[in-house]
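Down below is the structure, laid out as structure tokens.
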Amino acid sequence: MANRREFLKSASFMTLGALAASKVSAANDVNGVDGITAATAQAPKAGNTNLGFQAYSLGGELLNNPAPALKKMKSYGYDQCELAFYGFDDKAGHGQFSSFGGGKPTSAADFKKMADDAGIKIISSHMTPNLDRGAKYDKSTETKILDFWKKIIPDHQMFGVEYIVQPSLPTINNLEDAQNVAEIFNKVGALLKDNGIKFGYHNHSNEFNKVVPGGKEVTPYYQRAFRRPGDNSPAPKTIEEVFIEGTEAQNVLFELDCYWTVMGQQDPITWINKYADRIQLLHIKDFVVIGASGAMNFETIFRNFYAHGHRNWFVEIEDINSGKQLDRAWASARYLIEKGFVK
Ligand code: MG
């Protein structure tokens, strides 16, 4: 028969096992996020103005029925959003938001009115120019890229955005490709600035790959470039560094997606502090519901970001075809409000 010491030892193992199991299930249970349930949820604090969401997070739950979805988001505490899914319709001569599944699209003007009616401010928008597959940013594509941005400016002025952010990485195989992208980003930023809008770039994980000069493509080794012993050439830079250092602060800001930074084997805090004046926006993203995985150190991320005087960030929730995105947005808002991250 096990003695008490052995019993306690095995009991603590069981407890740990039970904790681990509950952690896993919490990630998939919107009602189990840090013990926050509908019964314990507090109403948002008065005066909140910067609980933001990335519209991508809601997928069809937003686009197939935008007016009620926006009102629900407001009731959860969200005050502002960053658009996704906007597309310019050349025939109509204006932008629109396509539905998921072939329903009627919502015009840009109608969407803006629905957001106004709900009390959701549109402060940012994700946009990426369409180029032919594999096409690079260079002299041959520059005009097409700039024409794309010129076309979408009027609708975005109508939305009243402060920012437009490009979320997709152009084709880059070496340092020169990355520098060419930075050069064109500078021009895009200058164009948008002349029209009263700030231009930004949003990372995934590939921006933390390193690139080498001389037109040489990096042989992927865990997607990184390393110097061999005895190689005294300058240390290879990450694409993100080339973008930040190769663009002017007055033209290009950066939106750090904290989750994808971690997926790129980097510490978001290092980047937030190293480029404190350039990283002005954040994507607050987790595996799914914000805070549920326990893997993201949001407390430190927010503390450092706020210390630099920045205010705007957006919740982003993956798995957009789940049919549960509004519930997950609610659970994410509860976590962020109750943790005191909404300033
Ligand atoms: Mg993101």
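Residues whose amide H lies under 5 Å from that of ILE284, counting only those 5 or more places away or on a different chain, are PHE314, VAL315, GLU316; hydrogens are built 1.01 Å from N in the peptide plane.
If I stretch the segment between LEU191 and ILE269 completely, what's the gain in nm (0.36 nm per residue apart, minus their alpha carbon distance), one decimal?
25.0 nm
Placing dummy labels 7 Å off each Cα toward the beta-carbon, the span from THR143 to ASN173 is 2.5 nm.
Across HIS283, HIS126, the residue with the most accessible area heads the list, and the full order at a 1.4 Å probe is HIS126, HIS283. Straight-line reach from LYS112: which aspartates and glutamates have a Cα under 19 Å away, not including same-chain ones fewer than 8 places off? Filter leaves GLU61, ASP79, GLU82, ASP89, ASP155, GLU162.
Based on the Cβ-Cβ distance from ASP132 to TYR306, what FRET efficiency comes out when R0 is 45 Å, to the nearest 0.05? About 0.60, to the nearest 0.05.
Our estimate of slack between ASP90 and LYS113, defined as 0.36 nm per intervening residue step minus the Cα-Cα distance, is 6.1 nm. In a simple Cβ point-charge model (Lys, Arg +1; Asp, Glu -1; nothing else charged), region 110-233 has a dipole of about 260 debye relative to its Cα centre. May I ask you to list the lysines whose Cα is less than 26 Å away from that of LYS144, ignoring any residue fewer than eight positions away on the same chain? Here the lysines satisfying the reach criterion relative to LYS144 are LYS91, LYS136, LYS187, LYS193, LYS198.
Residue separation of GLU248 and GLU217 scaled by 0.36 nm, minus their Cα-Cα distance, works out to 8.5 nm of gained length.
Sorting the segments 153-161, 302-310 by their residues' average number of neighbouring beta-carbon atoms within 10 angstrom, most packed first, yields 153-161, 302-310.
The values are calculated or read from the model by the stated rules, or taken from the named source; none is laboratory data. As the structure is a prediction and not an experimental result, all values here were calculated from the model. We place every Cβ from the backbone using ideal geometry, glycine too, and count neighbours over all the protein chains shown. Quick note on the areas: whole protein, heavy atoms, side chains included, nothing else; ligands and nucleic acids left out. Shrake-Rupley method; radii C 1.70, N 1.55, O 1.52, S 1.80 Å.
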